[in-house]
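Engineer: If you scroll down you'll find the structure; I have some questions about it.
Since every read-out is calculated from the coordinates, none of them should be taken as a lab result. As the structure is a prediction and not an experimental result, all values here were calculated from the model. Don't worry about glycine lacking a Cβ; one is built from the backbone with ideal geometry, like all the others, and counts go over all protein chains shown.
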Amino acid sequence: MRFADERLEPIWEKVRSETRLSREDALTLYETDDFLSVGRMADHVKSRREGDRVYFVINRHITPTNVCVLSCSFCGFARKPGQAGAYEHSIEDMVAMVKDETREVHIVGGHHPDWPFEYYERMIEAIHQARPDVQIKAFTAAEIDYMWRRWKIEPKDALARLKAAGLQSMPGGGAEIFSPRLAKLLKYSGKADPDRWCEIHGIAHSLGLKTNATMLYGHVERLDERVDHMLRLREQQDLSGGFVTFIPLAYQEAATQLVPRQTPPADSLRTIAIARLILDNFAHIEAYWVTLGEETASIALHFGADDVNGTLEDEKIQHLSGASTPAGVAREQLFRMIRDAGKVPVERDALYNVVKVWPR
Amino acid sequence: MIDEIRAKVDGGARLDRKDGHWLLTEAPLLELGTLAADVRFRRIPDKRVTFVIDSNPNYTNVCITDCQFCAFYRKPGHPEAWTLTVDEVLAKVESAAANGATTVLLQGGHNPELPLEYYLTIVRETLRRFPQVTPHFFTASEIQTVAKVTGLAMTDVLDQLKAAGQRTLPGGGAEVLSTRVRRRIEPKKGGPEAWLEVHREAHRRGFKSTATMMYGHVEEPDDVLDHLDAIRALQDEFGGFTAFVPWSFKPNNTLLEKWIKQHKGPNAYMRMLAVSRLYLDNFPHVQASWFSEGKKAGQIALNFGADDWGGTLFEENVHKAAAYVNTISVDEIVTLIREAGFTPAQRNTEYEILRTY
C-alpha cells in the first residue's frame with residue numbers, strides 16, 4: 001500500500017503485523033488529509049476478519065417510555081412526567097409489537113421515576129414467554145445505573161434477575177462521550193459516568209451477557225476525546241471481553257441544535273475506519289444507517305464496517321431527533337446497501353449467530 | 001493489477017479496455033479512489049471545487065422519441081402535453097437570472113411542431129436581454145430532431161445557433177453510448193453516432209460541451225467502456241468537452257423500471273467517477289452530482305476524483321417526473337464543499353472561475 005502521507009507508513013506496518021495502535025497513531029489517523037488511506041487500512045482489517053460478509057438483523061426497537069428524569073442537551077426524545085407528548089407503554093402493548101421473523105428485540109427508554117424495577121423484570125419475562133425464540137437486548141448501562149440510584153438494586157442483582165427473566169444482551173447506549181468536561185457541558189453528568197458505565201458492562205460480561213458499546217460524536221467534542229473514548233472501551237474489553245459490536249452514533253442536529261449541521265460524511269467514514277483500526281479486540285464495527293443515512297452507511301462497508309444493524313421498525317429516539325431516514329425499512333433496503341458495496345448480506349441474530357447467508 | 005495501472009497513470013500512459021474493465025468490476029474501491037484522487041490533484045493542484053449558479057427549465061414535454069427511461073415526456077396530443085411560448089421561456093430565463101444564474105440549461109422533448117426560428121429566437125433574446133446568462137441550450141438529439149423536421153442538415157442547425165450567439169451545448173441525451181443499449185432503451189434516438197456527430201461538429205465550430213452518462217439500467221461494463229472510449233476519442237479530435245457528468249438512472253414512473261435488476265447506489269457512483277477520472281485522461285473536469293446521488297454522496301465524491309459540484313439547478317422537471325426531488329441554495333453549496341474539506345469557487349458554463357470563496 002502506498003500513502004500520500006508518509007506518517008501512515010509505520011501505522012500500516014503495525015496494522016499488517018496486527019500490532020496494537022497507540023493514542024498517537026489514532027490522532028494521526030484523525031489528522032491526516034489522506035482520508036481514503038485510513039479507510040483502506042480499515043478495509044484490510046475488516047476483510048481479514050470477515051471477508052466480504054456484512055451482517056444485518058431483523059429487529060424491533062421498543063421504547064417503553066419517553067418519560068425521563070434527565071435533561072441531556074443532545075436528546076430530542078425525553079419528556080418530563082405529565083408533559084405533553086409523554087407516553088408509557090403497557091407490557092401487553094410491548095409484547096404485541098414483536099412480530100414473526102423478528103430475531104432481536106432492542107429495548108431502551110427514558111429514566112422513568114415511578115416504574116419499579118419489577119416492571120422491567122416483568123416486561124422482559126412477558127416478551128420472553130410470548131416469543132421464546134426472540135433474543136432480548138435491553139437496557140443501557142445508564143438505565144441499569146438508574147435502577148440502582150432510584151431503587152437501590154445493585155447492578156449485579158438487577159442484571160442477574162433480568163437474565164433469569166430472559167435478557168440475553170445489553171445495548172451500548174448511554175456511553176455518550178466519556179469526558180467529564182462534556183458530561184458537565186451537555187448536562188449528562190446525572191447519568192452513569194465512564195467508570196460506572198464500564199463497571200456495569202464488566203458485570204454483565206461476568207454474568208455471561210454480551211453487550212455493545214456506542215459513542216455519540218459530531219457535536220461539540222474534540223477528536224482526542226473520541227480517541228480516549230475508544231481507548232477506554234478497548235481497555236474494558238481487555239478486562240471483561242464481552243463487547244460484541246462498537247456503534248459510533250452521529251449526532252442528529254435537527255431537534256436539539258447543539259451544532260447547526262450533522263458532521264460531514266467523510267468524518268463519519270473516518271471515525272468508523274479509526275474504530276476498526278483501534279478496537280482490535282472488538283469483533284464488529286457497525287455502520288448505523290439510521291443516523292448516517294443509507295448512502296454513507298453503504299460506503300462505510302468499504303471503511304471497516306461489517307454490520308448495518310437492522311430493520312429498526314419504530315426507532316423512536318433517533319427519529320424524533322430528526323433522522324431523515326424512515327423509521328422502518330424492509331430487508332430489501334438493507335440488501336441494497338450491502339449489495340451496492342459488493343458485499344454478501346448475512347442475516348444474524350442479536351448474538352451474531354448466522355440465520356441465513358443471502359446471495360451477493 | 002492496481003500497481004500496473006498506477007504505473008501507467010504515473011507514466012502518462014493511456015488506460016486500455018482491459019484496465020477499464022478491471023477497474024469497473026474488480027478494483028478495490030478505495031485503491032481506485034486513491035489513484036483517482038491523485039490524478040485529480042495532479043490536474044488541479046489546489047483543493048478547489050467549482051460550482052455554477054444555474055437553472056434547468058424545459059420548453060416542452062412533447063416528445064416523439066418514446067425513450068423507455070423517461071418519465072417526463074408526453075406524446076403529441078396527450079392531455080398533459082405542454083409547450084411554452086418564446087415569451088414564457090424567456091420569463092424562466094429572467095427568473096433564473098434574477099436569482100444570480102450565469103447558466104441556463106434549456107432542454108425539452110422532441111416536439112416536431114416547433115420551427116427553427118423558435119429555437120433561434122430564444123437564443124438571441126436570451127443574449128440580448130440577459131447578457132450575464134450563457135445559453136446552454138438543446139441536447140444533441142434535440143438538434144437532430146430540429147434538423148429532421150426542418151429539412152436542414154444538422155450542421156446547418158449548429159451554424160444557425162452559432163450565428164444566433166450560442167457557444168455551448170449540454171451533454172444530455174447520451175445515456176450510454178453503446179449500440180446495444182441505445183437500441184434497447186431509446187431506439188428512436190439512433191445509435192451512439194447520432195449523439196457523437198453533433199458534439200463533433202459543434203466542437204469543430206468552436207462550441208464547448210459536456211459529456212454525460214446515465215447508467216444503472218441495462219448496461220454491462222463493456223457498454224460503459226464503449227461510452228468512455230467514444231468520448232475520449234472525440235475529445236482527442238478537438239478538445240471541446242469541458243467535463244464528464246455521470247449519474248444513475250432514476251426508474252420511477254418509467255417503462256424501464258421493471259427491468260432493473262440491481263439499483264446502482266453510492267458505491268457504484270464512486271467507482272464510476274473514479275474510473276472516468278482515470279480513463280478520460282483528456283477531460284479537464286469530472287462532476288460530482290449532488291443532485292442525482294444525494295448531497296452526502298456528492299461530498300464523498302470529492303475524494304474520488306471529482307472536482308466540480310455541478311449547479312444550483314433552480315428548476316428541474318425531468319427527475320421530478322420520476323418522483324425524485326432535491327434542492328439546494330448557493331449558501332448550502334458553499335457550506336457543503338467547505339465542510340467536505342475543499343475550497344468552493346463559482347464558475348461559469350465554460351469552467352472559468354468567477355469567484356473564490
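Engineer: Under the Cβ-under-4.7 Å rule, which cysteines of chain B stay unpaired?
Structural biologist: Among the cysteines of chain B, those whose Cβ sits 4.7 Å or more from every other are B:C63.
Engineer: Where Rh is the Kirkwood radius over the Cα pairs of region B:84-140, the temperature 37 °C and the viscosity 0.692 mPa s, what D in µm²/s does Stokes-Einstein return? Numbers along the way, then the final one.
Structural biologist: Details: Rh = 11.6 Å.
Once the numbers are plugged in, D ends up at 284 µm²/s.
Engineer: Average partner chain C-beta neighbours within 10 Å, per residue of B:329-336? All intermediate terms of the calculation are to be shown ahead of the outcome.
Structural biologist: Working: counts 0, 0, 0, 1, 0, 0, 3, 2.
Mean inter-chain Cβ contacts per residue within 10 Å come to 1.
Engineer: Further question on the same structure: If you take the beta carbon distance between B:A98 and B:S329 as r and set R0 to 22 Å, what does 1/(1 + (r/R0)^6) give as a FRET efficiency, to the nearest 0.05?
Structural biologist: Working: r = 15 Å, r/R0 = 0.66.
My answer for the efficiency is 0.90.
Engineer: Which whole-number percentage describes the relative contact order of region A:10-142, with Cα contacts under 8 Å and a sequence gap of 6 or more?
Structural biologist: Values: 132 pairs, mean separation 30.7, N = 133.
Here the relative contact order equals 23 percent.
Engineer: Over all alpha-carbon pairs in region B:2-356, figure out the percentage whose distance exceeds 32 Å. All intermediate terms of the calculation are to be shown ahead of the outcome.
Structural biologist: Numbers: 16428 of 62835 pairs.
That tail contains 26 percent of the Cα-Cα pairs.
Engineer: Can you tell me the FRET efficiency between B:I44 and B:R14 if r is taken as the Cβ-Cβ distance and R0 is 30 Å, rounded to the nearest 0.05?
Structural biologist: On the way: r = 20 Å, r/R0 = 0.66.
Working from the Cβ atoms, E equals 0.90.
Engineer: How much mean residue ellipticity at 222 nm does chain B get from its helices, if each DSSP H run of length 4 or more adds -39500 (n - 2.57) and you divide by all residues, to the nearest 500 deg cm²/dmol?
Structural biologist: Values: 15 runs with 159 residues, N = 357.
Result for chain B, helices only: -13500 deg cm²/dmol.
Engineer: Let me ask another. In whole angstrom, and with the biggest value first, how far do the Cα coordinates of region B:120-249 range along each principal axis?
Structural biologist: 45, 30, 27
Engineer: A:E235 versus B:T25, label points 7 Å from Cα toward the beta carbon: distance in nm?
Structural biologist: Using points 7 Å along Cα→Cβ, the separation is 5.1 nm.
Engineer: Once the convex hull of the alpha carbons of the protein assembly as shown is built, what does its volume come to per residue, in cubic angstrom?
Structural biologist: Working: hull volume 114.5 nm³, N = 717.
Convex hull volume per residue, Cα atoms: 160 Å³.
Engineer: Also, I was wondering about something else. For the cross-link pairs B:K148/B:K261; B:K75/B:K148; A:K210/A:K343; B:K75/B:K261; A:K46/B:K295, which exceed 24 Å when the distance is taken from alpha carbon to alpha carbon? Provide the component values of the computation, followed by the final result.
Structural biologist: Values: B:K148/B:K261 36 Å; B:K75/B:K148 18 Å; A:K210/A:K343 26 Å; B:K75/B:K261 28 Å; A:K46/B:K295 27 Å.
Flagged as over cut-off: B:K148/B:K261; A:K210/A:K343; B:K75/B:K261; A:K46/B:K295.
Engineer: Taking a label point 7 Å from the Cα of A:K14 along the Cα→Cβ vector, which residues of region A:40-54 have an amide N closer than 17 Å to it?
Structural biologist: Under cut-off, by backbone N: A:40-46.
Engineer: In Å, the Kirkwood hydrodynamic radius of region A:80-125 over pairs of distinct alpha carbons? Please list the in-between numbers first.
Structural biologist: Values: mean 1/r = 0.0810 Å⁻¹.
That comes to 12.4 Å for region A:80-125.
Engineer: Same structure again: How about region A:132-206: which trypsin sites (Lys or Arg not before Pro) there are in a DSSP loop, with at most 16 other Cβ atoms within 10 Å of their Cβ?
Structural biologist: Values: sites: A:K137, A:R149, A:R150, A:K152, A:K156, A:R161, A:K163, A:R181, A:K184, A:K187, A:K191, A:R196; in loops: A:K152, A:K187, A:K191.
Here the sparse-neighbourhood loop sites are A:K152, A:K187.
Engineer: Another question, if that's okay. Modelled label-to-label distance, A:K156 and B:R129, 7 Å Cα→beta-carbon offset: nm?
Structural biologist: Computed distance between label sites A:K156 and B:R129 equals 8.3 nm.
Engineer: Could you give the spread of the C-alpha atoms of region A:153-211 along their three principal axes, from largest to smallest, in whole angstroms?
Structural biologist: Ordered largest first, region A:153-211 gives principal extents of 38, 20, 15 Å.
Engineer: Okay, moving on. Would you please name the GluC sites (Glu not before Pro) within region B:1-40 that are DSSP coil residues with at most 13 other C-beta atoms within 10 Å of their C-beta? Don't jump to the answer; show the numbers that get you there.
Structural biologist: Values: sites: B:E4, B:E26, B:E31; in loops: B:E26.
Filter output for region B:1-40: B:E26.
Engineer: Tell me the Kirkwood radius of region A:53-357: reciprocal of the mean inverse pair distance over distinct alpha-carbon atoms, in Å. Spell out each step's value before the answer.
Structural biologist: On the way: mean 1/r = 0.0521 Å⁻¹.
Here the Kirkwood hydrodynamic radius works out to 19.2 Å.
Engineer: Using a 10 Å cut-off around each Cβ of peptide B:260-270, what is the average number of partner chain Cβ atoms that fall inside? Working shown, then result.
Structural biologist: Details: counts 0, 0, 4, 7, 2, 9, 11, 11, 5, 3, 3.
Going residue by residue through B:260-270 and averaging, the value is 5.
Engineer: Once you put a point 7 Å from the Cα of B:M1 and another 7 Å from the Cα of A:E6, both along the Cβ direction, what distance in nm separates them?
Structural biologist: Computed distance between label sites B:M1 and A:E6 equals 3.2 nm.
Engineer: Mind checking B:28-40 for the average number of partner chain beta-carbons within 10 Å of each residue's beta-carbon? Don't skip to the end; give the middle numbers.
Structural biologist: Values: counts 6, 10, 15, 6, 1, 6, 10, 2, 1, 5, 3, 0, 0.
What the average comes to for B:28-40 is 5.
Engineer: Sticking with this one: Sum up the charges of everything whose Cβ sits under 15 Å from the Cβ of B:T150, counting Lys and Arg as +1 and Asp and Glu as -1, but leave B:T150 out. Walk me through the intermediate numbers first.
Structural biologist: Values: positive: B:K148; negative: B:E113, B:E117, B:E142, B:D156, B:D159.
Net local charge, B:T150 excluded: -4.
Engineer: So, one more: Which log10 I(q)/I(0) values does region A:35-138 give at q = 0.11, 0.24 Å⁻¹ under the Debye formula, counting every alpha carbon as one identical point scatterer?
Structural biologist: Debye curve over Cα of region A:35-138, log10 I(q)/I(0) at q = 0.11, 0.24 Å⁻¹: -0.52, -1.23.
Engineer: Spelling out what I want: for every residue of region B:125-140, take phi, set θ = phi - 60°, compute 6.51 cos²θ - 1.76 cosθ + 1.60 (Karplus), and round to whole Hz; glycine and proline get x.
Structural biologist: 5, 4, 5, 6, 8, 10, x, 6, 9, 8, x, 9, 10, 6, 6, 3
Engineer: While we're looking at this one, here's another question. Could you check what % of the DSSP bridge pairs in chain B are antiparallel, to the nearest 5? Write out the running numbers ahead of the final one.
Structural biologist: Numbers: 4 of 31 bridges.
Roughly 15 percent of the DSSP beta bridges within chain B come out antiparallel.
Engineer: Mind listing which GluC sites (Glu not before Pro) in region A:83-141 are in a DSSP loop and have 13 or fewer other Cβ atoms within 10 Å?
Structural biologist: Details: sites: A:E88, A:E92, A:E101, A:E104, A:E118, A:E121, A:E125; in loops: A:E101.
Those satisfying the criteria are A:E101.
Engineer: What list of whole percents do you get for P(r) of region B:152-204, with Cα-Cα distances grouped in 5 Å bins up to the one holding the largest distance?
Structural biologist: Using 5 Å bins, I get a P(r) of 4, 19, 27, 20, 16, 10, 4, 0 for region B:152-204.
Engineer: Please give the helix B:192-204 orientation as an angle from the longest Cα principal axis of chain B, in degrees from 0 to 90, rounded to the nearest 10.
Structural biologist: Once rounded, the angle reads 80 degrees.
Engineer: Compute the separation of the alpha-carbon centres of region A:1-55 and region A:236-252 and state it in Å as a whole number.
Structural biologist: Measuring centre to centre over Cα atoms gives 19 Å.
Engineer: Separation of region B:51-104 and region B:3-37 by C-alpha centroid, Å?
Structural biologist: 39 Å
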